[in-house]
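Working notes, structure below.
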């Protein structure tokens, strides 16, 4: 797979040219004659939304005058590169470009003579995803120094590793980005722990703004005399300017970070402290890294009226994914939650109907159009109930009507049952009543007059409903 590395700004190559001019590396072309030839040696492959670095080498006699280059209807003035032997002209042209093989035409005008040369550049479809191996390297310098001095440790995990070229820095794997906007999102977790402090950083991201931007992270921290706190998306540091460079095979950007007031609080460092250099190397790919998800229900089988907890873990490459997850039970939305260290959770409400429900967690990346889904099944059965019966008077005469109150209580939930309650004298049905939500599980009825003297076993039967199981109770009524 051909890999191409993103520029964090389309002004990068133009700024490089301006800098070379300012330093005197680029100068006006020397005198020339008509025996001049032009050979293209600029970039041969680019992406359609990238910039094109153009360079021509002058062959034969040296040339003086002005030189331009054009491709796909766009034209740029080129400058002579000072000290180059043979003479070279160079410049950059801003994209986007149509895909396919394009002709780059260079034109040198000197002393009334025009010399032309051509080259070819393959323009590939835009690549929008961070490829495996893309990373952000940062050391949180003053925090690390303090932890080490206090006899503590710096422990990367979840895909973050110690940078092989600089053990004082940690390499976070890139999981998402948008080339044109400059967002860089990483996975990995790093814990800075000593007897005096404990700080864990995860979901580190760089958000581009103008020529600079901000470094953000989820942070869990505890400092002397303070309880542990967790903050999400806190702006740890800012940088006014991005420094970067590269060509069609490699690209990097770096920033010098200074702690914000929030960063000072979270990291436990002085206000506006220098936090070192953050540097990222980005390789672009045509397709995103695969995102996988695992959905866990606790419990996976429950009774009506009880809540269940749904937890999802989203992974991307060798680390966790960043972004957000929308949970659903069938077509019913349960909520959208931002991932933290690749995890998110919601509570399934108590009133979900009896039956089997398809629980889904639909993932969406923050910046790129990457999506994924995880699924599981939640089984909800009827809630059991307990029925109790109470007589207003345990003994009545044959001319009196007994008063009975039936109470139906569901187990494991505070939701109110509904359904039919039937009262029997032995096997003989005496009266029916209906439980509604407003009755709060209780119904009071008047029994008909009973002519037979003696003991009557009064049975109260709750038939249940679509959400509740049935139950029964009995009391003894004496008739004089």
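The values are calculated or read from the model by the stated rules, or taken from the named source; none is laboratory data. This structure is a prediction, so every number in the text was calculated from the model and none was measured. Positions of Cβ are backbone-derived with ideal geometry, glycine not excepted, and every protein chain shown enters the neighbour counts.
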Would you say residue 199 is surrounded by 18 or more Cβ atoms within 10 Å (Cβ to Cβ) and under 21 Å from residue 289 (Cβ atoms)?
-> no
Conditions (1) surrounded by fewer than 14 Cβ atoms within 10 Å (Cβ to Cβ); (2) modelled with pLDDT of 90 or more; (3) more than 23 Å from residue 416 (Cα to Cα); (4) in contact with a strand residue (DSSP E or B) (Cβ under 6 Å, 6 or more places away or on another chain): number failed by residue 301 | (3)
Out of 429, 375, 416, 401, sole residue that is in contact with a helix residue (DSSP H, G or I) (Cβ under 6 Å, 6 or more places away or on another chain) and either farther than 14 Å from residue 475 by Cβ or modelled with pLDDT under 95 (or both) | 416
When residue 358 is evaluated against the numbered criteria (1) surrounded by 14 or more Cβ atoms within 10 Å (Cβ to Cβ); (2) without any contact (Cβ under 8 Å) to a residue 60 or more places away in the chain; (3) assigned by TED's automatic domain parsing to the domain that holds residue 309, which criterion, by number, is the only one it fails?
-> (1)
Every pair of residues 6+ apart whose Cβ atoms lie under 6 Å, when the first sits in region 405-434 and is at positive phi and not assigned by TED's automatic domain parsing to the domain that holds residue 452 while the second is surrounded by 14 or more Cβ atoms within 10 Å (Cβ to Cβ) and not in a loop (DSSP other than H, G, I, E, B) = none
All positions within region 300-354 that are without any contact (Cβ under 8 Å) to a residue 60 or more places away in the chain and in a loop (DSSP other than H, G, I, E, B) = 307, 330, 331, 349, 352
Filter region 178-193 down to residues that are over 14 Å from the mean Cα position of the chain (by Cα) and modelled with pLDDT under 95 and give me whichever is surrounded by the most Cβ atoms within 10 Å (Cβ to Cβ).
-> 179
Can we say residue 171 is within 23 Å of residue 208 (Cα to Cα) and free of Cβ contacts under 8 Å to residues at least 60 places away in the same chain?
-> yes
Looking only at region 224-242, decide whether some residue is modelled with pLDDT under 90, surrounded by fewer than 18 Cβ atoms within 10 Å (Cβ to Cβ) and part of a strand (DSSP E or B).
-> no
Unique residue being part of a strand (DSSP E or B), surrounded by 13 or more Cβ atoms within 10 Å (Cβ to Cβ) and more than 41 Å from the chain's Cα centre (by Cα) when the list is 68, 114 | 68
Could you check residue 439 against (1) at pLDDT 95 or above; (2) over 24 Å from residue 313 (Cβ atoms) and say which number it fails?
-> (1)
